[in-house]
Amino acid sequence: MKLVSVNTGMPREVSWHGRIVTTAIFKEPVAERVALRKLNLDGDRQADLTVHGGEHKAVYCYSLAHYGYWKKELPGRELPMGMFGENFTIDDGGPGTLGGQELLEESVHLGDRFSIGTAQVVVTQPRLPCYKLGVRFGSDEMVKRFLASGRTGFYVAVLQEGEVGAGDDIEVISGEANAVAVSEITRLYVAKRFGEAEIRAVRRALRVEELPESWKEYFRERLRQAGAN
C-alpha cells in the first residue's frame, strides 16, 4: 500500500439547513511532510471531540479506489483528495471496487499494525459517518449511501509519532491473531439480529485489544440481548 495524499483541515463554520454548524470535515491535501502525533496530524483538528478525534481516531484512512466507485455513483461531481474527510488517502494496490473484488475494508483488520514514513499506527475501528458527511456533500442522503456502500474507511491510533508524506509506503508490521476485518465489524454493528455466526465473530472481536471500549460495550450489550452472555 502507498500513501497517496495527506489531507488536513481546521474547524470552520458553515450554514446547514438554516443553522450554523462547526465542522472540520473539509480536508485539503498538503504538499510537505507532516508530523503525526498521538492525537492528530499537525495542521489538523476535529470540531466535536465528543464523537471525533482522540487517541483511537487520530487519523482517518480512505481508499483511493473508492473514488472511482463514487465518480460513477455521483457523475459530474468533483472529488478532490480529502473529499470524504480522510487524513490519509491510500492506494491499496488493487481495483477493489466491482465484480466481487476485495475492498480495502475486507483485507485490513482491527489490530493490524503499519509503518508509514517514520510513524507507526494500528487499526482501531471503521468509520460510522455522521451528518457532517452530508454537509460536505450538500446532501443528507449521502450518509446512508456511504454506509450502505461498505466503503467506510477506517481509523488508526498512533503507536509511534513520526513524519509522513504523500508517496510513503505503508508496510505491515504485524497482524492481529483474532483477525476481524473492518468490513466485518461494520456489518456486525448494523446487523439487526445475531445468529451463531455473528455471536462467534463478536466474541472474537472482543478479544482485540485495540477495539475501543465504547465498541466493546455496545457488542456486549448486543450479546446480552441475544442471550449469549
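Screening residue 140 with (1) open to solvent by 20 Å² or more (accessible area, probe 1.4 Å); (2) over 19 Å from residue 68 (Cα atoms); (3) touching a residue at least 12 places away in the same chain (Cβ under 8 Å) gives one miss only, at (3). Quick one: in region 187-204, which of the residues that are out of contact with any helix residue (DSSP H, G or I) (no Cβ under 8 Å at 6 or more places or on another chain) and not in a helix (DSSP H, G or I) is least open to solvent (accessible area, probe 1.4 Å)? Applying the filter and picking the extreme gives 195. Whether any residue in region 116-129 is open to solvent by less than 40 Å² (accessible area, probe 1.4 Å), more than 21 Å from residue 27 (Cβ to Cβ) and out of contact with any Pro (no Cβ under 6 Å at 6 or more places or on another chain) is what I want to check. Yes, that holds for at least one residue.
Yes or no, residue by residue, for (1) open to solvent by 50 Å² or more (accessible area, probe 1.4 Å); (2) in contact with a strand residue (DSSP E or B) (Cβ under 7 Å, 6 or more places away or on another chain); (3) closer than 16 Å to residue 154 by Cβ:
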residue	(1), (2), (3)
33	yes, yes, no
56	yes, yes, yes
78	yes, no, no
84	no, yes, yes
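Of the residues examined, residue 100 is not one that is farther than 22 Å from residue 173 by Cα, at pLDDT 90 or above and open to solvent by 30 Å² or more (accessible area, probe 1.4 Å).
Any residue that is open to solvent by 20 Å² or more (accessible area, probe 1.4 Å) and touching a Pro at 6+ places or on another chain (Cβ under 8 Å) - is there at least one of those in region 160-178? Checked against the condition, which is being open to solvent by 20 Å² or more (accessible area, probe 1.4 Å) and touching a Pro at 6+ places or on another chain (Cβ under 8 Å), region 160-178 yields at least one hit. For region 1-24, filtering for residues that are more than 27 Å from residue 113 (Cβ to Cβ) and either β-branched (Val, Ile, Thr) or buried (at least 19 other Cβ atoms within 10 Å of the Cβ) (or both) leaves 5. Among the residues making up region 103-114, those that are modelled with pLDDT of 80 or more, under 20 Å from residue 129 (Cβ atoms) and part of a loop (DSSP other than H, G, I, E, B) are 108, 110.
Among the residues of region 208-229, the ones that are in contact with an Asp or Glu (Cβ under 9 Å, 6 or more places away or on another chain) and either part of a helix (DSSP H, G or I) or open to solvent by 70 Å² or more (accessible area, probe 1.4 Å) (or both) come to 2 in all. Quick one: count up the residues across region 1-44 that are in a loop (DSSP other than H, G, I, E, B), free of Cβ contacts under 8 Å to residues at least 60 places away in the same chain and not aliphatic (A, V, I, L, M). Going through region 1-44 one residue at a time, the tally reaches 7. Residues in region 58-76 that are part of a loop (DSSP other than H, G, I, E, B) and either surrounded by 21 or more Cβ atoms within 10 Å (Cβ to Cβ) or modelled with pLDDT under 90 (or both): 58 alone.
The values are calculated or read from the model by the stated rules, or taken from the named source; none is laboratory data. Here the structure is a predicted model, which means the values were calculated and not measured. Heads up, the Cβs are rebuilt from the backbone with ideal geometry, glycines too, and the neighbour counts pull from every protein chain shown. Calculation scope for accessible area: heavy atoms of the full protein, side chains included, ligands and nucleic acids excluded. Shrake-Rupley method; radii C 1.70, N 1.55, O 1.52, S 1.80 Å.
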